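Written below as structure tokens is the structure these notes are about.
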Amino acid sequence: MSAPAALGRPAGIPDGAAVIDCDVHIAPASPEALFPYLPDYWREVLSTTQFRGPTDTAYPPGAATSVRPELAGDPPAGSTLEQVQRSVLEPWRTEHAILTCLYAVESVHNPDAAAALASAVNDWQIAEWLDRDPRLRGSVVVASALPALAAAEIDRVGGHPGFVQVLLPVRSLMPYGNRNHLPTLEAAVRSGLAVGLHFGGASGNAPTSTGWPTRYVEEYVDMASVFQSQLMSLVAEGAFDRLEGLRVVLLEGGFAWLPAFLWRFDRLWRGLRREIPWATRSPSVTIREQVRLTTQPMDGPTDPAAFGRLLAQMDGDQVLLFASDYPHNQYDTADEALLPGLGEAALRRVLAGNARTFYGLEVDGDG
């Protein structure tokens, strides 16, 4: 990639169109940032032992995709409200930004520590982000490998008006359609929250279906297959049929794979549906109604006409949600963050309308 230009609001956005950014990354700069929100016991543990909370990250510091060069530095990008206001909210004139805090709680195998850290992160989000800027919406961080504790945390903070979804890493010990995860999904529905499955996750499993890769690029590219596996599990295990109101957002997983996946899933469902009699609708219908995908990373063809055909095959103007993926390095100029091949009405839906409807956001502008 060439050196990125300064990112402002793209010229390709129609006049008066609203922007809702559905994937803005934040994270505490250090464990000490969470001290005001941790019980005395865990503050002492973090201060006097070698335990420093999660140490795994889905974004290696040296990888070209991890952070835009102009945003690298100390404190890390996304660790303060002022950074997000300066780099995302103001340049894009963003109506709402949905925060995704990937704190890798799933990598902490002490259940009490994982639950305490998740609670601290959520209280940190409320106090230092959601309550300080009305444009922000949050994602509830949970100990995803511990569904009972995850459900308790969702019940604790899910009623805060700033939260709009529960954040789960797409890599997990077992697929999220598995009935062991029902408490988490039920709690999300009970609180009226979407479930966001996000790129990454430190579950302890190999990051590919055939074992451990040698290079990060293998893991990065193969993450699309993990999204497919989770989506297939949720449909086949009947999560959408069992839980009325379940809404799922696939965050930072790409989307060009969706048409072929839907064709294959529908065709085999017709032959094997006796295995899953609760799935009375074809998978493509269920997914189009109850699943959304973010636009970054944009992995479609570069030709606008070909890109338009891809979007038509997946009803892209209905199922895609705009995301800048701040602070990750996915495009060189702001205009490259917009989908080619869309008419104005469709672009407005992707930029804001789809997110407003799916997340139940109040109207604050056009779109």
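The values are calculated or read from the model by the stated rules, or taken from the named source; none is laboratory data. Note that this is a predicted model, so its numbers are computed, not measured. A quick note on method: Cβ atoms are made from the backbone with ideal geometry, for glycine too, and the neighbour counts reach across all protein chains shown.
Annotations for the structure displayed:
- Among (1) assigned to a loop (DSSP other than H, G, I, E, B); (2) in contact with a Leu (Cβ under 9 Å, 6 or more places away or on another chain); (3) surrounded by fewer than 24 Cβ atoms within 10 Å (Cβ to Cβ) - the single one Leu182 does not satisfy: (1)
- Considering only residues in the stretch 231-260 that are part of a helix (DSSP H, G or I) and surrounded by 21 or more Cβ atoms within 10 Å (Cβ to Cβ), the one that is nearest to the chain's Cα centre (by Cα) turns out to be Leu231.
- Residue check for Arg9: touching a Lys or Arg at 6+ places or on another chain (Cβ under 7 Å) and not aliphatic (A, V, I, L, M): yes
- Sole exception among (1) on the phi > 0 side of the Ramachandran plot; (2) surrounded by fewer than 23 Cβ atoms within 10 Å (Cβ to Cβ) for Gly201, by number: (2)
- Sole residue being assigned to a loop (DSSP other than H, G, I, E, B) and surrounded by fewer than 19 Cβ atoms within 10 Å (Cβ to Cβ), chosen from Trp278, Trp263: Trp278
- Restricting the stretch 292-315 to residues that are among the hydrophobic types (A, V, I, L, M, F, W, C) and surrounded by 15 or more Cβ atoms within 10 Å (Cβ to Cβ), the residue that is nearest to Arg247 (Cα to Cα) is Leu293.
- The residue of the stretch 266-297 that is farthest from Asn354 (Cα to Cα), among those that are touching a Gly at 6+ places or on another chain (Cβ under 8 Å) and among the aliphatic types (A, V, I, L, M), is Ile276.
- In the set (1) touching a helix residue (DSSP H, G or I) at 6+ places or on another chain (Cβ under 7 Å); (2) surrounded by fewer than 23 Cβ atoms within 10 Å (Cβ to Cβ); (3) on the phi > 0 side of the Ramachandran plot, the condition left unmet by Leu149 is number (3).
- Among the candidates Gly360, Gly343, Gly367, residue that is small (Gly, Ala, Ser), modelled with pLDDT of 95 or more, more than 15 Å from Thr294 (Cβ to Cβ) and out of contact with any Phe, Trp or Tyr (no Cβ under 8 Å at 6 or more places or on another chain): Gly360
- Residue identified as modelled with pLDDT of 95 or more, over 20 Å from Ala116 (Cα atoms) and of a type in the set (Phe, Trp, Tyr) among Phe227, Phe163: Phe227
- Of the listed requirements (1) over 26 Å from His109 (Cα atoms); (2) assigned to a strand (DSSP E or B), Pro297 misses just one: (2).
- Considering the stretch 5-51, and only residues there that are β-branched (Val, Ile, Thr) and part of a loop (DSSP other than H, G, I, E, B), the residue that is nearest to the chain's Cα centre (by Cα) turns out to be Val19.
- Test: Glu218 is surrounded by fewer than 19 Cβ atoms within 10 Å (Cβ to Cβ) and in contact with a Ser or Thr (Cβ under 8 Å, 6 or more places away or on another chain): yes
- Pairs are defined by a Cβ separation below 9 Å, a sequence spacing of at least 6 or placement on different chains, a first member in the stretch 6-33 that is surrounded by fewer than 19 Cβ atoms within 10 Å (Cβ to Cβ), and a second member that is at pLDDT below 95 and among the β-branched types (Val, Ile, Thr); the pairs so defined are Pro10/Thr333.
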